[in-house]
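Accompanying notes for the structure given below.
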Amino acid sequence: MAQTEYVQEPLAGFDPGAGGIDPALPLYATTFVVVDLETTGGAPDGGGITEIGAVKVRGGEELGVLATLVNPGVPIPPFITVLTGITQAMLVPAPPIEQVLPSFLEFVSDAVLVAHNAPYDVGFLKAACAKHGYRWPNPRVLDTAALARRVLTRDEVPNRKLGTLAAYFRTATQPTHRALDDAKATVDVLHGLIARLGGHRVDTIGDAIEFARAVTPTQRRKRHLAEGLPKAPGVYIFRAADDRPLYVGTSGDIATRVRSYFTAAEKRARISEMLAAAERVEAVECAHSLEAEVRELRLIGAHAPPYNRRSKFPERAVWLKLTDGPYPRLSVVRDIAPGDAGYLGPFSSRRAAELAAAGFHDAVPLRQCTHRLSLRTVTPACALAELGRCPAPCEHRIAPEEYDVRAVAPFRTATASDPQPVVDALLARIEVLSRDQRYEEAAVVRSRLAAVLRATVRMQRLAALTGIAELAAARPAARGGWELALVRYGRLAGAGVSPPGVHPRPTIAAIRATAETVPPGHGPVPHASAEETERILSWLERPETRLVEMSSGWASPVAGAARFRDLLSKAESAASHQLSTERS
């Protein structure tokens with residue numbers, strides 16, 4: 001009675017990734033320990049267990065039995081005695097739970113734990129381990145009650161109580177509310193349920209555990225799409241019936257990652273919609289994680305799969321560029337040409353570019369009008385000139401040479417090397433606004449400062465790598481050997497893995513001989529998306545990565561934007577705090 005009334009949330013021991021059992025192990029080869037507890041009732045607090053019964057089975061054969069009464073150290077409620085037949089006199093000579101746990105934990109080692117209404121039994125066992133200082137082994141757990149809810153219909157059994165299932169499967173031992181009898185009955189119920197799983201294409205212990213969880217009919221129907229995939233790093237592509245890519249992803253273990261889409265852990269609505277349309281999964285094995293990430297980016301950029309949200313449409317990146325002609329101004333453009341001398345980017349959106357432009361307009365007297373100015377003809381000035389926000393080159397109030405010194409040169413210097421003058425001007429403006437208690441305006445200028453720093457730091461970081469004609473790097477592989485990457489002008493041109501115990505240089509030579517040819521280009525991202533080059537940078541900057549060969553030095557400006565990283569972090573943190581405060 002107490003057991004059926006107790007309700008508990010799923011426990012950490014039910015993690016399908018827990019335990020040392022391979023989820024691909026066939027059910028017939030899996031060792032199960034079927035356990036049942038009798039308790040004094042109530043919630044698990046480290047005590048309360050009065051009896052443990054456990055049966056170890058594999059392939060339908062009984063391998064061992066463990067059964068013992070347990071002295072809970074507290075009186076047994078009368079209704080528990082009526083239900084189980086266990087009296088206080090029976091428990092007085094029994095060992096306490098702290099003496100029973102070592103034998104039980106050894107008994108369940110390297111096995112899948114099975115129980116009927118498993119959260120209840122596992123909750124008591126975990127609490128007892130925690131109270132008495134034993135490490136819970138976190139085994140894989142299979143709940144026969146949950147499995148029965150998935151396998152049996154209401155027409156077959158009116159409920160999923162152990163007694164009802166025992167009668168349905170005609171178990172050799174009937175449940176009696178004694179631990180060993182109930183465990184033996186659960187063994188027969190387990191075997192009956194496993195016999196029914198074949199019709200659902202459930203053949204492994206991992207599939208059985210996931211089948212017992214709340215997966216959707218679509219996930220259950222399409223789970224065969226995860227069969228036959230390699231357990232290797234690479235890219236996976238969900239394709240529709242017309243072979244159109246629906247979703248592209250990457251993983252260090254393609255098979256395991258794709259299987260996760262068909263488990264209860266996957267709850268995203270758009271992925272459920274994608275699975276309904278998917279007809280097959282294509283795998284592209286890669287040498288290592290960096291190559292997989294780069295291939296994923298390129299595939300997403302090339303096909304724009306409808307169910308991918310990030311990294312789509314890299315061609316939509318924009319730049320801030322100084323226009324040609326007298327009195328240059330900032331313009332948002334799609335591309336930069338080899339002759340362009342002053343530019344900043346790339347930006348992911350026009351809005352981000354305009355925010356950075358506003359920061360420069362706050363710091364230096366660049367004109368903001370869109371007129372094409374002439375050195376001969378005067379154009380009427382706008383309101384910004386009257387407010388002192390523009391030197392009015394349209395009316396020739398400033399000479400072209402002075403305009404270049406005051407407005408153009410600071411922009412070019414900030415983007416190519418040192419943004420100090422721009423940063424100082426914006427900080428001074430923020431200080432004035434804050435002193436005048438114009439905090440909202442100060443916050444706007446702060447966001448513009450962050451946009452300027454973010455863009456300059458990013459571009460200078462990209463340009464430092466993309467200026468190198470060829471770079472070879474190595475990182476220790478998890479299973480020995482070296483992960484190798486050949487980068488040309490910021491683009492991954494080749495990748496491979498050298499075998500353990502073998503010098504990596506012959507592998508590097510083979511990669512170089514078959515690598516993609518990448519010619520020189522213009523700008524900080526001449527032949528790859530900014531995101532690809534940033535992924536390569538992240539890989540190269542890891543402490544364990546070693547630079548093997550470089551065609552030229554890898555360097556950034558001494559007085560470059562990178563020295564303002566701390567200021568950028570503070571500005572972004574302040575903006576984030578302000579946003580959270582406004583939302584609350």
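With q set to 0.09, 0.13, 0.14, 0.22 Å⁻¹, the log10 of I(q)/I(0) for the range 282-406, from the Debye formula over equal scatterers at the Cα positions, is -0.41, -0.66, -0.72, -1.28. For the range 73-154, applying the loop criterion from DSSP together with a ceiling of 15 other beta carbons within 10 Å to the trypsin sites (Lys or Arg not before Pro) yields Arg135, Arg154. Across all C-alpha atoms in the range 392-496, the radius of gyration and Dmax reach 21.7, 70 Å. For the chain, the fraction of 1.4 Å probe accessible surface lying on carbon and sulfur atoms is 52 percent.
Per-residue extension of 0.36 nm, minus the Cα-Cα distance of Arg58 and Val432, leaves a gain of 126.9 nm for this segment.
Here the Karplus relation 6.51 cos²θ - 1.76 cosθ + 1.60, evaluated at θ = phi - 60°, turns the backbone of the range 541-548 into coupling constants of 8, 5, x, 7, 7, 10, 7, 8 Hz, with x for every Gly and Pro. The modelled label-to-label distance for the pair Ser331/Asp203, using points 7 Å beyond Cα in the direction of Cβ, is 6.5 nm.
According to the Kirkwood relation over distinct C-alpha pairs, the hydrodynamic radius of the chain is 29.6 Å.
FRET efficiency for the pair Glu395 and Asp340, taken as 1/(1 + (r/R0)^6) with r the Cβ-Cβ distance and R0 = 45 Å, rounds to 0.95. Relative to the current alpha-carbon distance between Glu441 and Arg563, full extension at 0.36 nm per residue lengthens the span by 41.3 nm. Taking every DSSP helix (H) stretch of at least 4 residues in the chain, weighting each as -39,500 (n - 2.57) and dividing the sum by the residue count yields a mean residue ellipticity at 222 nm of -12000 deg cm²/dmol. With Cα atoms defining each centre, the range 362-434 and the range 177-194 are spaced 83 Å apart in the structure. For the range 281-334, trypsin sites (Lys or Arg not before Pro) meeting the loop criterion (DSSP other than H, G, I, E, B) and having at most 12 other Cβ atoms within 10 Å: Arg309, Arg310, Arg334. Using a simple spin-label model with pseudo-atoms 7 Å out from Cα toward Cβ, Arg376 and Leu547 lie 5.3 nm apart. Per the Debye formula with a single identical scatterer at each Cα and no solvent contribution, what log10 I(q)/I(0) holds for the range 190-230 at q = 0.15, 0.31, 0.34 Å⁻¹? Debye curve over Cα of the range 190-230, log10 I(q)/I(0) at q = 0.15, 0.31, 0.34 Å⁻¹: -0.36, -1.25, -1.34. Note on His191 and Asp155: the model spin-label points, each 7 Å out from Cα along the C-beta direction, lie 2.8 nm apart. Once the 1.4 Å probe is applied to the protein heavy atoms, the chain comes out at 48 Å² accessible per residue. Straight Cα distances below 25 angstrom link Lys267 to the lysines Lys222, Lys231, Lys312, with same-chain residues fewer than 8 positions distant left out. Annotation: extensible slack from Arg412 through Arg270 equals 46.7 nm (criterion: 0.36 nm per residue apart, minus Cα-Cα distance). Listed values for the range 246-256 are Karplus-derived 3J(HN,Hα) couplings in whole Hz (6.51 cos²θ - 1.76 cosθ + 1.60, θ = phi - 60°), namely 9, 7, 10, x, 9, 7, x, 9, 4, 4, 5, and x replaces Gly and Pro.
The values are calculated or read from the model by the stated rules, or taken from the named source; none is laboratory data. Computed from a predicted model, the values in this text were never measured in an experiment. Cβ sites come from the backbone with ideal geometry, for glycine too, and all protein chains shown count toward neighbours. Side chains included, ligands, DNA and RNA excluded: accessible areas come from the protein's heavy atoms. Shrake-Rupley method; radii C 1.70, N 1.55, O 1.52, S 1.80 Å.
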